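Below is one structure; the comments refer to it alone.
The values are calculated or read from the model by the stated rules, or taken from the named source; none is laboratory data. Source: prediction; values computed, not measured. Positions of Cβ are generated from backbone atoms using ideal geometry, with glycine treated the same way; all protein chains shown enter the neighbour counts. The area values use the complete protein model at the heavy-atom level, side chains included, leaving out ligands, DNA and RNA. Shrake-Rupley method; radii C 1.70, N 1.55, O 1.52, S 1.80 Å.
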Amino acid sequence: MTTATDTQLPQGIGRLSRGWIAFFLGAAVLFAFGIVGYIYEQGQGMVATGMRDLGAMQGATWGLYIAMVVYFIGVSFAGVTVAALIRLFDIEKLKGVARMAEVLTIVALVLGALAILVDLGQPLRGIVNLFRYGRPQSPFFGTFSLVVSGYLFASLVYLYVTSRPDAARLAQRPSRLQGLYRWIAAGWEDTPEQRAKDRRVTFWLAITILPLLVVAHSTLGFVFGLQVGRPGWFSTLQAPAFVTLAGVSGIGHIIVLAAIVATVLKAKDRIRLDAFIWLGRFLMVLLFVYLYFTIVELLTTMYQPTEHEKVLSDALLRGEYAWIFWGSLAGLAIPALMLAWMALTRHWRVSWLVVASILVNLAAIGKRYLIVVPSQTHGQLLPYGIGSYSPSWVEYAVVIGLFGLGALAIGAFMKLFPIIELEEGEA
Amino acid sequence: MARYKMVVDLDRCQGCRACMEACKVENNTPAGVFWMYVFRFEQGEFPDTSISFLPRPCQHCNNAPCVKVCPTGARYKREDGLVLTDFERCIGCRYCEVACPYGVNYFNWRKPDHAFDDYKMDFSDPDLVAFTGGVVPPYRNPDHDVKHGPEGRLTSGSGHFKGVMEKCTFCVHRVEKGLVPACVDTCPVGALRFGDAEDENSPISVFIREHESFQLLEELGTDPSVIYVGGAPPSTESREIERPMTRV
Amino acid sequence: MKRSTIVTWTMIAVGVVLMVVSYFFLATPWCNTAVECSNPRVPFAPAIFVLGVLIAFSSAVYYAVAKD
């Protein structure tokens, strides 16, 4: 791939090894699988999914797709939080993970938006009509206007502003990507005034994005928490619990991504153990807060439940959904204990952190599924009987395809731009 | 402006489900879809069991959760009390369906069956009227393909588009002609009544005044336009029996 | 004040005003008793809201890139 005129760009940008080609091919195959599933769904109508109507049809009308919408948008928590923490509290040791966190946020938001689109019966109308007729009264207004438009755009702006210095450095040397870097740098010069400007911009962006983050994740909680007719949904705790679990899955994701990047780019000196420890502590705090919310919620529904709440909590605790419920709870409690142990003994290991992060992410998917589905199949207020839902291959295919697309996007970014902020003299 | 309400007389209902059939024929709903649904319940333990019936159309709530959550205003409330769906605006997010505590919404999971499109005829044709006696055959009512109300939206009938939400319309296409919904017209024992409740002297207002009544899930504050008279709301003891095939 | 600062603040102000105005005055009224409650008062009002968000955040790009 490298020609004689090319100088070596840092972090393996612009060069494809065999391993990378295999990675891209693998991700592309997954993505193609998702495309096939979606084309099939569009051809058949949504009867190709496992979803059916509530009530007499005894199904669940929101299923795996909506659970994944909530999960993906939850993962987007990571980038802005890490970025904001760096700018607001001057946490230098997190610098190495800042850009990958931003990229993760953007990719997760795009995947979340796509997951909404694949769930719509009329996706093309959805794109137009939401902007044409959108009603602020609907909790969905927050989801598409703030989460997908505002939050995504703000994250892009943030990524761009923090990328310019690196682009300017890379643009100084000849490479096939020089034009791109010049365009991104947009005349950035390494002067004290420009640096002060950048600091000011990122500081104020961080401050404005932080409340946007709370609002965005809360509106997603409101989608469920405001519905009085659905046992298990109508709860004040819904919004704060959504924000917290978003943090858990987002920080978990970034730990995994940072570990992968550190290994692949052999950059353990850039993403030091310090950063992992910091993220691990943050994850631990969020995990304990979320476990506390879970216990409060359980107590409330078990102490003196109404008949309808009882049907639901029975299904969760010892019925059809018990394996997901207890599995997810274990996937949250075990990592919490692992992190607490590491924090107490002050003996941190990246491999343990990665295991804990993968567990919390699986648990987060499980918890999202449990928020969405059981309240529909077991939460009918009129005696329609117990419903059932299991995702069809189409739904699994589309979700796998979305993960494939995410991997492709992050991989492509790593091959075009340094995913770890450059240090002085690195370029 | 009228304010339409439906009264369901549970003392009269015999659970024959003729209203369900009438609704299907009138609105061309797909298989497994029952805009009007009649529960047949059984209570108690053998041999001390009792059986009861409960017709469940869309409740056309005055404080409708589905209208509130609709992100595009495709689900809307008219001043005459009807809660309708604009089939040309609905994006198919199904939020109305999860918000509705009554389970009255049905999504077009499949592509609508347009096998009968060729049968569309001008039923006002004198030659045809001589043959049909003015009766529009049930397979495809042309009224479903025109827009209704002063707002001029496509709101009546079923199976227009795939991926769009549909539900009981109180037969808006009939109500606008001064007729009552098909289920009301069909009920052989007069268990269903329909009329303008704003007019204090209309038969339905008098009937509601003179009888003890309840609404389904009153405690949720949705204030349904469907009033139940006689009988009792279903309890958690009620078990559904003799279900029709409802899953597509 | 420098010209770039003025433009930046103007962009933020315009964005916020667009957001507030479209959310409270141009979008669908807060009721659900009539047909009007399902239509925005001005067509594409939600798009105006989103435009406001975009303009407000674009000011950051402008400020960072602008030459004084």
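Estimated from the Cβ-Cβ distance and a Förster radius of 22 angstrom, the FRET efficiency linking B:Ser124 and B:Lys147 is about 0.75. I need the shape label for region A:288-427. Rule: rounded when a/c is under 1.5, else prolate if a/b > b/c, else oblate, with a, b, c from the alpha carbon gyration tensor. Cα axes put region A:288-427 in the oblate bin.
Based solely on its DSSP helices, what 222 nm [θ] is calculated for chain C when runs of n ≥ 4 H residues each add -39,500 (n - 2.57) and the sum is averaged over all residues, nearest 500 deg cm²/dmol? Before the final figure, lay out each step's value.
Working: 2 runs with 40 residues, N = 68.
So the calculated ellipticity at 222 nm is -20000 deg cm²/dmol.
Ranked by the mean number of other Cβ atoms within 10 Å of their residues, highest first, the peptides A:107-120, A:365-378 come out as A:365-378, A:107-120. Remark: region B:172-187, residue by residue, has Karplus-estimated 3J(HN,Hα) of 3, 5, 7, 4, 5, 8, x, 8, 9, x, 4, 5, 5, 5, 7, 3 Hz, where x stands for each Gly or Pro and the curve is 6.51 cos²θ - 1.76 cosθ + 1.60 at θ = phi - 60°.
Mean sequence separation of contacting Cα pairs (under 8 Å, at least six apart), scaled by the length of chain A, corresponds to a relative contact order of 32 percent. When chain A is described by a simple charge dipole with +1 on each Lys and Arg Cβ and -1 on each Asp and Glu Cβ, the residue from A:Trp278, A:Gly327, A:Gly55 located farthest towards its positive end is A:Trp278.
Under the definition of partner shielding as Cβ atoms of other protein chains within 10 Å of a residue Cβ, what is the mean value for peptide A:382-393?
Details: counts 14, 10, 8, 3, 0, 2, 1, 0, 0, 0, 0, 0.
Average neighbour count from other chains, rounded to a whole number: 3.
A cysteine counts as unpartnered when no other cysteine's C-beta lies under 4.7 Å of its own; in chain B this applies to B:Cys13, B:Cys16, B:Cys23, B:Cys61, B:Cys70, B:Cys90, B:Cys93, B:Cys100, B:Cys171, B:Cys187. When exposed loop sites are taken as GluC sites (Glu not before Pro) in a DSSP loop with at most 13 other Cβ atoms within 10 Å, the longest stretch of chain B clear of them is B:46-199. For chain A, the ratio of Cα radius of gyration to the globular rule of thumb 2.2 N^0.38 Å stands at 1.03. The C-alpha atoms of chain A define a longest principal axis, and helix A:123-133 lies at about 90 degrees to it. Computed with every protein chain present, the accessible area of A:Asp90 is close to 110 Å² [probe 1.4 Å].
Our helix-only sum for chain B, with -39,500 (n - 2.57) per DSSP H run of n ≥ 4 divided by its residues, gives a mean residue ellipticity at 222 nm of -4000 deg cm²/dmol. A rounded overall shape is assigned to chain B, the ratio a/c of its alpha-carbon gyration tensor axes (a ≥ b ≥ c) being less than 1.5. A Förster radius of 35 Å, combined with the Cβ-Cβ distance separating A:Ser388 from A:Val128, puts the computed FRET efficiency at roughly 0.50. In chain A, what percent of the accessible surface is made up of carbon and sulfur (1.4 Å probe, ligands and nucleic acids excluded)? Here it works out to 69 percent.
With respect to chain C, whose longest principal axis is taken over its alpha-carbon atoms, helix C:45-65 is tilted by about 10°.
At 1.4 Å probe size, with the rest of the protein present, what percent of the exposed accessible area of chain B is carbon and sulfur atoms? Each step should come with its number before you reach the end.
On the way: 5460 of 10340 Å².
Solvent-exposed carbon and sulfur of chain B make up 53 percent of the total.
Between A:Val355 and B:Glu79, the distance separating the two model label sites (each 7 Å from Cα on the Cα→Cβ line) works out to 6.9 nm. Lys and Arg at +1, Asp and Glu at -1: add these up for the other residues within a Cβ distance under 14 Å of A:Met414 and post the number. Within the 14 Å Cβ shell, the charges total +2.
For the segment C:42-48, counting C-beta atoms of other chains within 10 Å of every residue's C-beta and taking the mean gives 5. For chain C, the alpha carbon convex hull comes to 66 Å³ per residue, rounded to a whole number.
Per the Debye formula with a single identical scatterer at each Cα and no solvent contribution, what log10 I(q)/I(0) holds for region B:124-248 at q = 0.09, 0.13, 0.15 Å⁻¹? The Debye formula, applied to the Cα set alone, gives -0.40, -0.82, -1.05. For chain A, the 222 nm mean residue ellipticity estimated from helices alone, with every DSSP H stretch of n ≥ 4 adding -39500 (n - 2.57) and the total spread over all residues, rounds to -23500 deg cm²/dmol. Considering amide H positions built from the backbone, and no H for Pro or chain starts, which residues 5 or more places from B:Phe39, or on another chain, come under 5 Å of its amide H? Amide H neighbours of B:Phe39, under 5 Å, 5+ apart: B:Leu54, B:Arg56.
Sort A:Trp204, A:Trp188 from largest to smallest accessible area, using a 1.4 Å probe on the heavy atoms of the protein chains. Mind showing how you got there, number by number?
Numbers: A:Trp204 150, A:Trp188 30 Å².
Of A:Trp204, A:Trp188, the descending order of accessible area is A:Trp204, A:Trp188.
The amide H of B:Glu166, built 1.01 Å from its N in the peptide plane, has B:Tyr106, B:Phe107, B:Asn108 as neighbours under 5 Å, considering only residues 5 or more places off or on other chains. Amide H to amide H, with H built 1.01 Å from N, B:Arg153 comes under 5 Å of B:His148, counting only residues 5 or more places away or on other chains. Along region A:333-350 the Karplus relation, 6.51 cos²θ - 1.76 cosθ + 1.60 evaluated at θ = phi - 60°, assigns HN-Hα couplings of 6, 4, x, 4, 5, 4, 5, 4, 4, 5, 5, 6, 7, 6, 10, 9, 10, 4 Hz to successive residues, with x for each Gly and Pro. Given axes a ≥ b ≥ c from the Cα gyration tensor, I'd like to know whether region A:1-115 is rounded (a/c under 1.5), prolate (a/b larger than b/c) or oblate. Oblate shape, in that a/c is at least 1.5 and b/c is the bigger or equal ratio.
Please give the net charge around B:Phe194, taking every other residue with its beta carbon less than 14 angstrom from that of B:Phe194, where Lys and Arg add +1 and Asp and Glu add -1.
Working: positive: B:Arg3, B:Lys5, B:Arg174, B:Lys177, B:Arg193; negative: B:Asp9, B:Glu26, B:Asp80, B:Glu176, B:Asp185, B:Asp196, B:Glu198, B:Asp199.
Here the count lands on -3.
A cut-off under 12 angstrom between Cβ atoms defines the neighbours of B:Gly32, and their net charge, with Lys, Arg +1 and Asp, Glu -1, is +4. Take chain C with all the other protein chains still there, run a 1.4 Å probe, and you get 53 Å² of accessible area per residue. I'd like the FRET efficiency for A:Trp348 and A:Tyr292, computed as 1/(1 + (r/R0)^6) with the beta carbon distance as r and R0 of 30 Å, rounded to 0.05. So the FRET efficiency works out to roughly 0.80.
Each residue of region A:40-56 is assigned a 3J(HN,Hα), and the resulting list reads 4, 4, 5, x, 7, x, 6, 5, 6, 8, x, 7, 9, 6, 6, x, 4 Hz, derived from the Karplus form 6.51 cos²θ - 1.76 cosθ + 1.60 (θ = phi - 60°), x at Gly and Pro. Keeping the other protein chains in place, figure out the carbon and sulfur percent of the accessible area of region C:3-65, with a 1.4 Å probe. C and S fraction of accessible area: 81 percent.
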